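The values are calculated or read from the model by the stated rules, or taken from the named source; none is laboratory data. Computed from a prediction, not measured in an experiment: that's the story for all the values here. Because the Cβ atoms are built from the backbone with ideal geometry, glycine has one as well, and the counts that use them run over all protein chains shown. Ligands, DNA and RNA are excluded from the accessible area calculation, which covers all protein heavy atoms including side chains. Shrake-Rupley method; radii C 1.70, N 1.55, O 1.52, S 1.80 Å.
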Amino acid sequence: MVITPEQLATRKQGIGSSDAKKIVDGDWLALWKDKTGVEEWKPTVQQQFAMDCGTALEPVILNRTAYRFQGTINSKIPTAYIGEGGPGSVMLISHADGYFSNAEESFGVEAKAHGGYKDIDELVEYYMPQLQHHMIVHNEQRWLLAVVFGQFWRFDYQMVVRDQEWCDQYMEMCADFWAHVESGFEPLDDGVKKGAKHIIAKKAVDFTGHNQWAVFADDYILCKESAGLFEEAKAGLKELMPDDASYAHGHGMQIKRAKNGALTIKPEVEKDLDAIANYEEVVKYNDR
């Protein structure tokens with residue numbers, strides 16, 4: 001979501017969800033400088049561009065989430081707080097991206113645009129502190145991470161459940177960090193990281209009676225084999241492509257070789273007859 005100047009000023013008064021990973025990882029010094037005003041963090045040009053792209057795609061991700069779960073998304077969630085933020089009390093702040101609801105369920109949504117090569121499981125692990133932070137502040141038991149993968153323009157998501165033991169340890173770490181902000185004594189990252197609590201999930205969950213889990217589980221089991229066959233077929237077709245061939249087709253499929261050597265494979269809607277005519281040689285393979 002777009003953060004207003006007022007919200008940015010509020011973040012100085014407490015710990016926001018985007019600060020959560022730094023708290024857990026023990027990267028306290030830069031965060032301390034930002035909270036105390038010693039040194040304000042400013043994004044690089046590339047970081048700002050990535051942030052702008054994520055902000056622009058956020059409505060698309062939320063709309064896709066609403067479509068997938070057949071409900072509505074409220075993207076105008078008021079800023080939420082817990083804690084007074086006064087002496088001896090740390091304030092946790094949450095600017096939620098959206099909140100989904102339909103007749104059967106409701107949950108918060110964190111929308112992300114990812115341009116790298118992490119999969120949804122890796123992103124859940126990376127954003128876990130932020131997701132748990134939202135659940136603490138909003139007193140929720142579930143929060144959805146919804147992601148659009150820019151390199152493939154693919155949408156994926158995963159529901160994360162609240163881990164109270166994790167949250168309790170996180171709250172302790174937040175209080176320890178905020179004591180440095182209040183005292184003005186800067187934390188030493190090396191010492192913090194060595195002494196930081198390792199927040200480890202220890203909970204097992206039985207979803208046997210959960211209908212949505214059952215649907216996803218069935219889809220995963222049924223589609224996993226098909227997905228493997230798809231990847232195997234794609235690799236096999238590309239392997240058959242001769243190194244000196246620019247175009248190949250047959251049985252409804254075609255492969256084109258770009259000038260840089262990259263192969264593009266896709267269903268053949270119409271033969272590229274003009275391109276074929278320009279090739280010095282056309283090799284035809286028959287069944288043997």
Discussion item. Exceeding 21 Å between C-alpha atoms, which entries from my cross-link table qualify? They are 112/193; 22/193; 22/42.
Written reply: 112/193
Worksheet entry | segment 37-112, Cα convex hull volume normalised per residue, Å³ | 113
Worksheet item: Suppose R0 equals 35 Å; then what is the FRET efficiency for residue 42 and residue 155 from their Cβ-Cβ distance, rounded to the nearest 0.05?
Response: 0.65
Fill in: 18 Å reach of a label modelled at residue 25, 7 Å along Cα-to-Cβ, counting backbone N of segment 143-178
170, 173-174, 177
Worksheet item: How large is ³J(HN,Hα) for each residue in segment 214-227, as worked out from phi by the Karplus curve 6.51 cos²θ - 1.76 cosθ + 1.60 (θ = phi - 60°), to whole Hz, x for Gly and Pro?
Response: 4, 5, 5, 5, 4, 4, 5, 5, 6, 8, 4, 5, 5, 5
Item to complete: Keeping all protein chains in place, calculate the accessible area per residue for segment 61-106 (probe 1.4 angstrom), answer in Å².
Response: 55
Worksheet item: Hey, quick one: spin label on residue 234, modelled 7 Å out along Cα-Cβ, who in segment 128-155 has an amide N within reach, i.e. under 18 Å?
Response: 148-155
Worksheet item: Computed over the Cα atoms of segment 91-139, what is the ratio Rg over Rh, Rh following Kirkwood?
Response: 1.01
Practice prompt. Would you mind working out the accessible area per residue for segment 116-175, using a 1.4 Å probe, and quoting it in Å²?
Written response: 46
Discussion item. Can you order the peptides 207-213, 58-64 by their average number of other Cβ atoms within 10 Å per residue, highest first?
Written reply: 58-64, 207-213
Practice prompt. Kindly give the semi-axes, whole Å and largest first, of the ellipsoid equivalent to segment 1-155, taking each as the square root of 5 times a Cα gyration tensor eigenvalue.
Written response: 26, 20, 14
Worksheet entry | Highest-first arrangement of 171-181, 14-24, 46-56, where packing means the average Cβ count within 10 Å | 14-24, 171-181, 46-56
Item to complete: With r as the distance between the Cβ atoms of residue 218 and residue 268 and R0 = 25 Å, compute the FRET efficiency 1/(1 + (r/R0)^6) and round to 0.05.
Response: 0.15
